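Undergrad: Could you have a look at this structure, given as structure tokens, before my questions?
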């Protein structure tokens, strides 16, 4: 009886002291994360306690304050879009938070408590995530972390499509489908920044108005009219120099019809189907059109690092608090415990801008 330790209401013999302290240490290194035990419906997203990741060489551990939803998240939840080999199986492609710890080999440019946002291959639906240093970006001073969480995936995708893939030029007409989506709202603002003329398609007057308020020169309701004809009318028959297309199959004929000669049709999603029937190649050939396909998640770390560096240099300073500056568009905000409802909201296809999920009170 002389060898007992009273701790938190429990009596522990000396034999169990070491085990107790190890247990306490283990619990302190756990975190909450959303896990998918069985692919399927939003109800299959369950909140569990799992081990916190340890930052490897060149990585920074981020304490996540907010993440944001992407269409890829819905596919991954259904088992249709697994994480790349070696990456976290936890859903989530972007976060904003504060630096917790630095892994070995990290430069001195980051320090604990710095506000950061990051592009991920996975792991965003969790309290902590380890991120390669080169995929981190500083959060603009006037933005909250909730706002910052809406930037990495959508804005880097739009920047990649316009600059790295399409190589957009000043004065060119850019047609962005899903103009009120996260990528769409970013593409409209970026096209304006680069001196191009953005036009959009969307499925409701409200979505079209949002895009036009952000700088779209025109918007067409694809549910009520032929967007190809409207593009021809807008451009005097010349067509769009660049098409940013996340729809795919069902739009191919209208896309080729309204593509300018030598235009670039950039495919980055297939929400409207993957199959094509008809004379796609012949019609594309007659326009001398370029069909370019691109994904971001499967790119190499070096490609993403180059993308982040270019975006940080060229675009990030434009997120200022001045009139006319760039701004992430947020549709709605959920708590992590309501992640299933957030997924249902995106699946209903009613969101205008990004759906953000908060894990902590925002700073």
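Undergrad: Tally time: how many residues in region 172-199 are at positive phi and in contact (Cβ under 8 Å) with a residue 60 or more places away in the chain? Quick ask: steps written out before the conclusion?
TA: Here is the first cut: in region 172-199, the ones at positive phi are 178, 195.
Now drop any that are not in contact (Cβ under 8 Å) with a residue 60 or more places away in the chain, which leaves 178.
Of the residues in region 172-199, 1 are at positive phi and in contact (Cβ under 8 Å) with a residue 60 or more places away in the chain.
Undergrad: State yes or no: is residue 61 at pLDDT 95 or above and under 25 Å from residue 295 (Cα atoms)? Please lay out each step first, then the result.
TA: On the way: at pLDDT 95 or above: yes; under 25 Å from residue 295 (Cα atoms): no.
So residue 61 does not fit the description; no.
Undergrad: Of the conditions (1) part of a loop (DSSP other than H, G, I, E, B); (2) surrounded by 20 or more Cβ atoms within 10 Å (Cβ to Cβ); (3) without any contact (Cβ under 8 Å) to a residue 60 or more places away in the chain, residue 223 fails just one. Which one is it?
TA: Here residue 223 meets the rest and fails (2).
Undergrad: Quick one: which residue in 145, 119, 80 is touching a helix residue (DSSP H, G or I) at 6+ places or on another chain (Cβ under 7 Å) and not assigned by TED's automatic domain parsing to the domain that holds residue 186?
TA: 119
Undergrad: Would you mention how many residues in region 322-363 are part of a strand (DSSP E or B) and either surrounded by fewer than 18 Cβ atoms within 10 Å (Cβ to Cβ) or modelled with pLDDT under 95 (or both)?
TA: 3
Undergrad: Taking the condition at positive phi, part of a loop (DSSP other than H, G, I, E, B) and in the same structural domain as residue 191 (by TED's automatic domain parsing), does residue 274 pass?
TA: No: the conditions fail for residue 274.
Undergrad: For region 229-246, give me the residue count where each residue is closer than 17 Å to residue 289 by Cβ and either at pLDDT below 95 or surrounded by 21 or more Cβ atoms within 10 Å (Cβ to Cβ) (or both).
TA: 8
Undergrad: Right, another one. Restricting to region 112-132, give me the number of residues that are part of a loop (DSSP other than H, G, I, E, B), buried (at least 24 other Cβ atoms within 10 Å of the Cβ) and in contact (Cβ under 8 Å) with a residue 40 or more places away in the chain.
TA: 3
Undergrad: Next question. Given 149, 83, which one is surrounded by 14 or more Cβ atoms within 10 Å (Cβ to Cβ) and under 19 Å from residue 356 (Cα atoms)?
TA: The match here is 149.
The values are calculated or read from the model by the stated rules, or taken from the named source; none is laboratory data. Predicted model only: the values in this text are computed from it and were never measured. Neighbour counts run over all protein chains shown; Cβ positions are idealised from the backbone, glycine included.
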